[in-house]
Amino acid sequence: MDLVTDPLRVRWLGRVPYREALAVQQSLFEHGSGQHLLLLEHPHVFTYGRTADLATNLRCEPAAVGAELVSVKRGGDITYHGPGQLVGYPILNVANSLGASDHVCGVEGLIIDALRELGVAGAGRLPGFAGVWLDPGTPDERKICAIGVRLRRGRTMHGFALNVTTDMTYLREHIVPCGIGDKPVTSLAEEGIEASMREVADVIARLAAQRWGAIERQDVAWAHAADGRDLSAFSRGEGPGEQVKLVSSRAAARLDAAGVSEGLSIETRKPEWLRPKVELGSEVMELRKTIRSLDLVTVCEDAGCPNLSDCWSDGTATFMVLGERCTRACGFCLVDTSKPMAPAPDEPARVAEAIDRMHLDHAVLTMVARDDLADGGMAHVAACVEAIRERRPQARIETLISDAKGDAASLELLFAALPDVMNHNVETVARLQRAVRPSAGYARSLSVLARAKAAGLTTKTGFMAGLGETDDEIVGLLADLADLGVDIVTIGQYLRPTSHHLPIARYAEPAEFDRWKQIGESFGIGHVEASPLTRSSYHAKSSADAVAPVAVALSAR
């Protein structure tokens with residue numbers, strides 16, 4: 001792969017809430033330098049720009065029709081996004097000599113070319129109006145695609161919304177789209193064009209390459225099996241396995257369609273580089289005694305981490321808060337999925353005492369997913385951060401969190417506590433998200449990291465190798481994380497907990513991890529910790545030391 005070129009990184013992200021996609025856009029816009037085209041659908045949402053006339057052009061109560069209402073920094077009046085509408089966000093570098101109108105013209109040209117290829121006649125521009133129109137300048141003129149962009153310092157965001165199979169009620173009855181009340185709107189379906197969302201996205205991606213450069217493309221899963229057979233047995237709720245069980249050819253075919261092969265047998269011998277030397281000396285045993293006395297759980301022990309003695313002797317440990325029961329069932333994780341208990345009110349104090357008694361310099365707080373709690377458990381994690389600060393102020397605190405279902409208000413509860421490092425794992429490449437963690441998603445995880453970055457926090461994420469991803473997908477993921485502004489990335493080998501979990505596609509060799517580290521850091525990621533035995537908290541202290549903003553934050557405290 002030629003790493004010197006700067007490809008257009010096209011991502012099909014599936015259906016993404018508007019605010020989450022906006023957070024990703026803004027972070028790529030503010031922190032990145034690469035070229036991106038995000039393709040997706042939104043749930044029902046009305047958005048409006050600075051000059052919108054809502055009193056005239058909003059004709060409904062958004063909540064009553066199942067829609068959000070969101071103000072955005074762009075030109076234009078109110079518009080609509082929703083299922084059946086292909087939304088594209090080009091985040092591009094444009095020449096300083098070009099203005100916003102020139103960029104809009106380029107986006108319009110892309111859509112006009114795509115419509116022509118899809119069999120739509122008469123697509124063009126209507127002088128004085130943005131967007132793409134059918135039969136412009138005639139009594140039958142009608143709008144099929146809205147366009148609104150933002151251009152600053154030679155970089156663009158926002159983009160186009162092309163009606164494919166859109167419910168046109170939202171555009172005809174609930175708003176006056178773009179404030180244009182005397183001109184009708186239409187969709188591909190209404191024009192008699194039978195094209196799937198995927199077919200339309202494929203055409204636009206290919207034509208975008210002709211305008212903005214060669215593409216590197218990754219898609220999240222386009223289809224989900226209704227019976228869940230595209231997931232591991234563990235994710236389907238069948239619990240952990242005990243011995244190797246061959247899946248049926250039908251189930252294997254469904255897993256293969258999701259991008260997950262049956263992989264290596266669980267009995268396959270691990271290579272030597274995955275056989276660590278664990279030394280449980282007196283110091284480690286004393287720390288374990290302290291943890292037991294305070295009735296706490298460390299991921300280091302609970303997950304059987306091969307790096308336990310290494311990290312503990314370096315003054316680092318990872319505590320799992322909010323209990324040991326998770327509300328999700330990811331295909332790679334062995335954490336119990338039974339009904340969680342209520343959060344323990346005294347847990348923050350007990351964690352802080354343990355960290356003080358262990359004389360830790362760097363403490364990592366991780367958590368099970370708590371979708372049963374309104375805030376996803378974020379206030380409890382924030383309370384743990386505050387208790388540690390009060391008990392051992394010299395300790396650096398890293399939080400490894402769930403996605404809180406993408407809820408910005410919940411995440412802000414933790415961000416306000418200012419953890420020194422805010423970690424949220426993407427776990428795998430875009431294509432494998434559905435199979436690996438069906439209750440999460442690529443765009444949502446990117447949005448969590450983007451929001452943490454916008455809050456001024458040092459951001460960290462991690463993912464696994466060996467789940468069936470390609471080298472190009474890993475390189476593309478590293479490019480996405482770099483342009484998002486992520487500071488620290490961890491990469492380690494996936495190890496299958498039981499036969500009911502996802503199979504190991506292969507064992508990546510140590511030299512591959514060295515190469516991914518070099519590539520990620522060349523893209524601009526501050527520090528990449530990559531090796532077969534790397535886990536999210538491995539070398540957490542030295543990784544944080546390697547990233548300058550952490551030291552600045554500590555000195556300012």
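Considering each residue of the range 319-353, count those that are outside any loop (DSSP other than H, G, I, E, B) and either of a type in the set (A, V, I, L, M, F, W, C) or modelled with pLDDT of 85 or more (or both), and give that number.
Of the range 319-353, the ones outside any loop (DSSP other than H, G, I, E, B) are 319-321, 325, 336, 347-353.
Checking the rest, the ones that are also either of a type in the set (A, V, I, L, M, F, W, C) or modelled with pLDDT of 85 or more (or both) come to 319-321, 325, 347-353.
Total satisfying the criteria: 11.
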Restricting the range 418-456 to residues that are open to solvent by 30 Å² or more (accessible area, probe 1.4 Å) and assigned to a helix (DSSP H, G or I), the one farthest from Q26 (Cα to Cα) turns out to be R434
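Here's the yes/no breakdown for (1) among the hydrophobic types (A, V, I, L, M, F, W, C); (2) part of a loop (DSSP other than H, G, I, E, B); (3) modelled with pLDDT of 95 or more:
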site	(1), (2), (3)
T51	no, yes, no
P90	no, no, yes
A95	yes, yes, no
L98	yes, yes, no
D102	no, no, no
Among residues of the range 123-165 being touching a helix residue (DSSP H, G or I) at 6+ places or on another chain (Cβ under 9 Å) and among the small types (G, A, S), the residue surrounded by the fewest Cβ atoms within 10 Å (Cβ to Cβ) is G124
Filter the range 440-459 for residues that are under 12 Å from the mean Cα position of the chain (by Cα) and of a type outside the set (A, V, I, L, M, F, W, C); the one that is nearest to H500 (Cα to Cα) is G441
The one condition V486 fails out of (1) crowded, with 24+ Cβ neighbours inside 10 Å; (2) touching a residue at least 60 places away in the same chain (Cβ under 8 Å) is (2)
Just one listed residue, out of L446, L467, is hydrophobic (A, V, I, L, M, F, W, C) and at pLDDT below 95, and it is L467
*State yes or no: is L13 open to solvent by 10 Å² or more (accessible area, probe 1.4 Å), of a type in the set (A, V, I, L, M, F, W, C) and touching a residue at least 12 places away in the same chain (Cβ under 8 Å)?*
yes
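With in contact with an Asp or Glu (Cβ under 7 Å, 6 or more places away or on another chain), open to solvent by 10 Å² or more (accessible area, probe 1.4 Å) and either over 30 Å from V16 (Cα atoms) or small (G, A, S) (or both) as the only criterion, which of R396, R325 stands out?
Just one listed residue meets the conditions, R396.
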Of those in the range 513-546 that are of a type in the set (A, V, I, L, M), open to solvent by less than 50 Å² (accessible area, probe 1.4 Å) and touching a Gly at 6+ places or on another chain (Cβ under 9 Å), the residue nearest to P419 (Cα to Cα) is V528
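Looking at this structure, is V24 of a type in the set (A, V, I, L, M, F, W, C) and outside any helix (DSSP H, G or I)?
Working: of a type in the set (A, V, I, L, M, F, W, C): yes; outside any helix (DSSP H, G or I): no.
The answer is no for V24.
The values are calculated or read from the model by the stated rules, or taken from the named source; none is laboratory data. Just so it is clear, the structure is predicted and the values come from calculations on it, not from any experiment. Reconstructed Cβ throughout: ideal geometry from the backbone, glycine too, with neighbour counts over all protein chains shown. Please note that ligands, DNA and RNA were not included when accessible areas were found on the heavy atoms of the full protein model with its side chains. Shrake-Rupley method; radii C 1.70, N 1.55, O 1.52, S 1.80 Å.
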